[in-house]
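The next block holds one structure in the form of structure tokens; read it before the comments.
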Amino acid sequence: MSSLLTLTVALATFFTSTLSHYTFPNLLHNGIQYPDYTYIRRTWNYQNYYPLFDLTSPILQCFTNGTYPNPGTLTVSAGDTVGFTVGGRIVHEGPLLFYIAKAGFRQTAGSMTGAGEVWVKINETRPIITDVPAKLELYKWPYYNASEVHIQIPPCLPTGEYLLRVEHIALHIAFNEGDHEFFGACAQLRVVNGGNGVLAPYTSFPGAYRSDEPGLLVDVHRNWVSIFFSIFDSSGVTYIIWER
Ligand SMILES: [Cu+2]
């Protein structure tokens, strides 16, 4: 009886840890769902689904611990839509963001680390506001409870090799500094049929975020308006690719 109870408690702990958090294990492209961590670098939390809290950690670059099997690089066309499955579901409120980093001279998507000022935000999904001032129920995070997420590779993106970084920031308990939760992954892509866009502005991981900035230190159940204007508009990494 007591061993059954112990097992029950252990299982409950396990499911609380995994079911309440999430990963991005599978790439989706042209109707194909690739196997776990194929074209996606296996993340540091692939077994335990843990959130990342430390904004000074290089893990933030691609959510790996630096050790992962070679995932390969997938060829896609600029303008294609690619997706990531969600291991679990996105069960916390917060924005979904995509960043891209181009491989430099003598680099490939497989060889680049993601360190340095190489990242450009290409998309962010904001909450939909139906009333101001609002309560939680009046804001809708489009990816809340999602089992997959999608992004169009910008049609103007130049041909080349890239890391595509997906990031979800959970803000449900971010009223205590440092209690934001970061989840994400990087896909390795070879983009063909590209355009003449110019990437800007650049940011780095770590470096893009501060734990005390208004968008990351906020009570999402109260200060909705300040969230809206901070994390999205004043973080200094707001957009993107300029068409010319
Ligand atoms: Cu959580």
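The values are calculated or read from the model by the stated rules, or taken from the named source; none is laboratory data. The structure displayed is predicted, hence computed values, not measured ones. Reconstructed Cβ throughout: ideal geometry from the backbone, glycine too, with neighbour counts over all protein chains shown. Just the protein is used for accessible areas: all its heavy atoms, side chains included, with ligands, DNA and RNA removed. Shrake-Rupley method; radii C 1.70, N 1.55, O 1.52, S 1.80 Å.
Considering all C-alpha pairs of segment 22-242, those separated by over 26 Å amount to 32%. Site pair I173 and S211 shows an inter-label distance of 1.4 nm when each label is modelled 7 Å from Cα along Cα→Cβ. Per residue, segment 22-242 exposes 42 Å² of solvent-accessible protein surface, assessed with a 1.4 angstrom probe and all protein chains in place. On the beta carbon distance between H221 and S57, with R0 = 41 Å, the FRET formula returns roughly 0.90. Between Q107 and I32, how many nm apart are label points set 7 Å from Cα along the C-beta direction? For the pair Q107/I32, the computed spacing is 2.6 nm.
Using a probe radius of 1.4 angstrom, the carbon and sulfur fraction of the accessible surface of segment 22-242 is 52%.
Multiplying the residue separation of Y68 and A115 by 0.36 nm and removing their Cα-Cα distance gives an extension gain of 15.3 nm.
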